[in-house]
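Engineer: My questions all concern the structure below.
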Amino acid sequence: MLESLMDLVEGLSIAVTPTNILYCFIGCMVGMLVGVLPGIGPSEATALLIPLSYGLDSVTAIIMLCGIYYGGMYGGTITSVLINTPGEAASVITCMDGYPLAKQGRAGVALKVAALGSFVGGIISTLGLALLGPTVADFALSFGPSEQFALLVFGMSMVIGLMGKSLIRGLVAVCIGLSLAMVGMDPVSGTIRYAYGLNELVSGLDVVTLSMGLFGLSEILVGMENLSVTGKATAVNSSKLKPEEVRPTVMAIIRGSFLGFFMGLIPGTSSAVPALISYSMEKNLSKHPEKFGTGVPEGVAGPETANNSYVGGAMIPLFTLGIPCSPTIAILMGAFMMHGMTPGPTLFITNPDVIWGTIASMFVGNVILLILNMPLAGMWAKLASIPNKLLYPIVLIVAMMGAYTVDNNVFGIVVMLVSGVIGYVLKKLDIPLAPAILVFVLADMMEQNLLQSIRINNGMGGLFKSPIALGLLIAALLVITISLIAEFRNKKSALLTHDE
């Protein structure tokens, strides 16, 4: 550990050179600005801007691309809070309490809490990356397909906590998410399912395009119904936490920091999983769980912290094992290879300046993002006061551009429009949207790991032979059982109150 600290200090001397600080700043700014565009999340922003690294020194190029990565993650938070349009799957959770806070005129609170949580989570996960990386990566390597499937089942069980007022309506949303995830090529056998002869559906539906439609476009359609009746219900006059909100928010940030880091260590997960689990955990631990979804700061702080803390954890398998844990990390791996480096254990020996310079630059990047976003949270929040009749056309045009950019295909716009109409209908039926999109994200990974586990173990036995997998499955069963009991008690209590 002492050796790691010495290497980190040496890396910091590389990261704080004027050139590297400048490019880290450029990366954070560009990532944040691009991330503000609906449909362009961290993975899209990083992929689109890789050409900016051509001609740069290796360590400077990687530092800038990492800045684009976590800058893009915060940019997606801004759109989630202000216009209910997530830039990526993990931002879906932020919409649940961030947008209601904005509608209450407290967009500044949501953005500042997100910025602070992102900073704390980023710093803690980067320390973990520097100090615990090689040791913890050995444990993460023990997760095979059976363990990964069980972990995702546990994450799916957490969706039960997001099902709103009615368990039945929530299960309908889950079925919709599973159905959408079935479209496209089987991840193991390659069989084409439910493509209906359309080449664009062979690779499946894109989560970003679906999210823009289900959340952003449906919100526009609902808002247009009342356009002539009321204006935009957001006045930005509050950017401070209430005294009773401080402790829950701080605790959510602390829990989210460690949760996100350890979830990032497991190959095959995405930042949506720790964000989802963090939100469910905060709701279950809260003294007022019924307020979640109506605009509570800890509902933003926990997921946003876990989302950013995930980055440091996800870098460990990449740096030590050469295993990318998410699409964005895979893009960064491609950038390493483009600059003549192969991620893996030997990278610490052959290119220590790049590795430790990059790790140290994450401290610098998180400080830059905090400086950029804490004072500017009020400025971003003022966007929420733009009248709907002006905002809706702008958001729709930008969203259509974002949907097209995902695959450079008009079909993305069609998917966004259709999913927007579906989202509108679901909202009118009071069916929650979050379970649908989150199940869609988890289902593909679940199917792939389940099929691999069955083939490796010649059946389902692998799920019960592994103590880790068995423990996670039992935990998932307990979560579902507790949720069903709570649902039954709530309905019974409501009936008794009604009779009285």
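The values are calculated or read from the model by the stated rules, or taken from the named source; none is laboratory data. All values derive from a computational prediction rather than experimental measurement. Using ideal geometry, Cβ is built from the backbone for each residue, glycine included, and neighbour counts are taken over all protein chains shown. Keep in mind that these areas ignore ligands, DNA and RNA; they rest on the heavy atoms of the full protein, side chains included. Shrake-Rupley method; radii C 1.70, N 1.55, O 1.52, S 1.80 Å.
Engineer: Using the beta-carbon distance between GLU225 and THR19 and R0 = 60 Å, what value does 1/(1 + (r/R0)^6) give for FRET efficiency, to the nearest 0.05?
Structural biologist: Details: r = 53 Å, r/R0 = 0.88.
It comes out at approximately 0.70.
Engineer: Here is a further query. Quick one: accessible surface of PHE464, probe radius 1.4 Å, all protein chains present, in square angstrom to the nearest 10.
Structural biologist: Ignoring ligands and nucleic acids, PHE464 comes out at about 120 Å².
Engineer: Kindly write out, for segment 331-339 in residue order, the coupling ³J(HN,Hα) from the Karplus curve 6.51 cos²θ - 1.76 cosθ + 1.60 (θ = phi - 60°), rounded to whole Hz, with x marking Gly and Pro.
Structural biologist: 3J(HN,Hα) across segment 331-339, in whole Hz: 5, 5, 4, x, 5, 4, 5, 4, 9.
Engineer: Could you sort out which of LYS103/LYS283; LYS242/LYS287; LYS103/LYS389 sit more than 18 Å apart by Cα distance in this structure?
Structural biologist: Numbers: LYS103/LYS283 21 Å; LYS242/LYS287 16 Å; LYS103/LYS389 16 Å.
From the list (LYS103/LYS283; LYS242/LYS287; LYS103/LYS389), the Cα-Cα distance tops 18 Å for LYS103/LYS283.
Engineer: Follow-up question, since we're still on this one. Once the Cβ-Cβ distance between VAL425 and ILE371 is put in as r, and R0 is 35 Å, what FRET efficiency do you end up with, to the nearest 0.05? Mind showing how you got there, number by number?
Structural biologist: Numbers: r = 43 Å, r/R0 = 1.24.
It comes to 0.20.
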